[in-house]
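The values are calculated or read from the model by the stated rules, or taken from the named source; none is laboratory data. All figures in this text were calculated on a predicted structure; none of them were measured in a lab. Every residue, glycine as well, gets a Cβ built from its backbone with ideal geometry; the counts of neighbours run over all protein chains shown. Heavy atoms of the whole protein, side chains included, go into the accessibility calculation; ligands, DNA and RNA do not. Shrake-Rupley method; radii C 1.70, N 1.55, O 1.52, S 1.80 Å.
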Amino acid sequence: MKKAFLSLVIFCVGWHLSAQVPVITGIDKKNAYTKGKIVITGTGFNADSTKMAVWFGGAEGKVLSSTTGVMEVQVPVMAHASQISVLNRVSKAMTISKEKFFHSFSGGVLDPYSFSQQVNMNAGTTEYIDLCECDVNKDSLVDVIVSVARRSGTQKSLEVLINKSTPGTLVLEQDLLNYNLHGRLSYSLGDVRCADMNGDNWPDLVAVSKEPDGGGFDGNRIYVFPNNAGTFGSPIAVFMTKEKMSAERLAINDLDYDGKPDLIVSSKLGYIRIYKNISSGATISL
């Protein structure tokens with residue numbers, strides 16, 4: 001009898017925890033205007049709208065209302081063509097939509113004259129490898145993160161350009177609020193991505209080394225820069241076990257539906273490495 005009761009308790013606890021992993025079953029609109037409203041249906045939502053977060057790529061939307069199965073969300077100004085992420089802030093579990101959302105605006109015919117002349121943003125280095133965009137300080141403006149080819153031990157490997165733009169005026173400021181990662185790494189980083197790795201609703205940065213280990217370089221690794229409420233901490237290094245394996249491409253998604261984004265890395269040596277996210281609480285662990 002006691003064993004049966006214990007088994008029932010374990011089952012109920014397990015079911016409750018799994019129920020807190022959000023699942024998207026439908027999005028009523030695949031495109032919408034700025035500040036337009038979309039309805040997301042699914043399971044594992046929190047009935048308190050303040051306990052839910054919805055991101056349109058690197059921009060956070062506003063949850064207007066929520067039940068355990070339906071949310072109404074306002075599209076942020078900085079939404080862009082990307083998947084939608086839903087985070088249950090109580091369970092710290094998230095899910096990503098299968099399809100992309102497209103930001104719409106009223107306009108005319110698209111032609112070569114629909115764009116203004118290019119604007120050059122030079123962060124002080126000579127060669128960039130990759131970039132991603134997300135609102136790192138949650139001021140409702142999407143910032144730009146770039147990985148830099150290593151030139152010397154004194155140059156940066158990762159730079160963050162903080163978006164200080166106003167309507168009609170584009171402004172990106174370098175090295176604001178201690179985002180300068182100068183001196184922390186001494187090699188080239190390749191692919192860089194934004195992802196909330198620990199469910200705290202702050203986008204962390206994930207980057208891979210483009211250089212194999214050896215020769216004085218700390219290569220052959222994946223680096224996670226935790227976002228501590230707007231300021232990045234020291235990188236967490238994950239060693240890729242294959243000797244002299246330099247990473248080629250990086251992707252992030254929840255592969256096993258446990259509510260935590262996992263890492264997928266490819267290399268020129270013919271390997272695909274998957275790193276399961278086993279983070280607990282605010283501690284990032286892979």
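Considering only residues that are open to solvent by 10 Å² or more (accessible area, probe 1.4 Å) and modelled with pLDDT under 80, which ones fall in region 150-169?
Across region 150-169, the qualifying residues are R150, R151, S152, G153, T154, Q155, K156.
Out of the residues in region 266-286 that are in a loop (DSSP other than H, G, I, E, B), over 21 Å from V192 (Cβ atoms) and of a type outside the set (A, V, I, L, M), which is least open to solvent (accessible area, probe 1.4 Å)?
Applying the filter and picking the extreme gives G281.
Can you tell me which residues in region 30-52 are in a loop (DSSP other than H, G, I, E, B) and exposed (fewer than 14 other Cβ atoms within 10 Å of the Cβ)?
Correct list: K30, Y33, T34, K35, A47, D48.
Among what's in region 228-265 and is part of a loop (DSSP other than H, G, I, E, B) and hydrophobic (A, V, I, L, M, F, W, C), pick the residue that is modelled with the lowest pLDDT. Please lay out each step first, then the result.
Going residue by residue through region 228-265, those that are part of a loop (DSSP other than H, G, I, E, B) are 229-230, 233-235, 240-246, 254-261.
Those still in the list that are hydrophobic (A, V, I, L, M, F, W, C) too: 229, 240, 245, 255.
Working: A229: 89, M240: 75, M245: 60, L255: 93.
Only one residue fits best here, namely M245.
Return the only residue of V90, V73 being outside any loop (DSSP other than H, G, I, E, B), over 18 Å from the mean Cα position of the chain (by Cα) and either of a type in the set (A, V, I, L, M, F, W, C) or modelled with pLDDT under 80 (or both). Don't jump to the end; show me each part of the working.
On the way: V90 fails: outside any loop (DSSP other than H, G, I, E, B).
Within the list V90, V73, the selection yields V73.
Quick check on my filter: what residues within region 79-103 are aliphatic (A, V, I, L, M) and crowded, with 19+ Cβ neighbours inside 10 Å? Give the derivation first.
Keep residues of region 79-103 that are aliphatic (A, V, I, L, M), which gives 79, 81, 84, 86-87, 90, 93-94, 96.
Passing the criteria: A79, I84, V86, L87, A93, M94.
Can you give me the number of residues within region 53-78 that are surrounded by 16 or more Cβ atoms within 10 Å (Cβ to Cβ) and in contact with a helix residue (DSSP H, G or I) (Cβ under 9 Å, 6 or more places away or on another chain)?
Residues that pass the stated criteria total 4.
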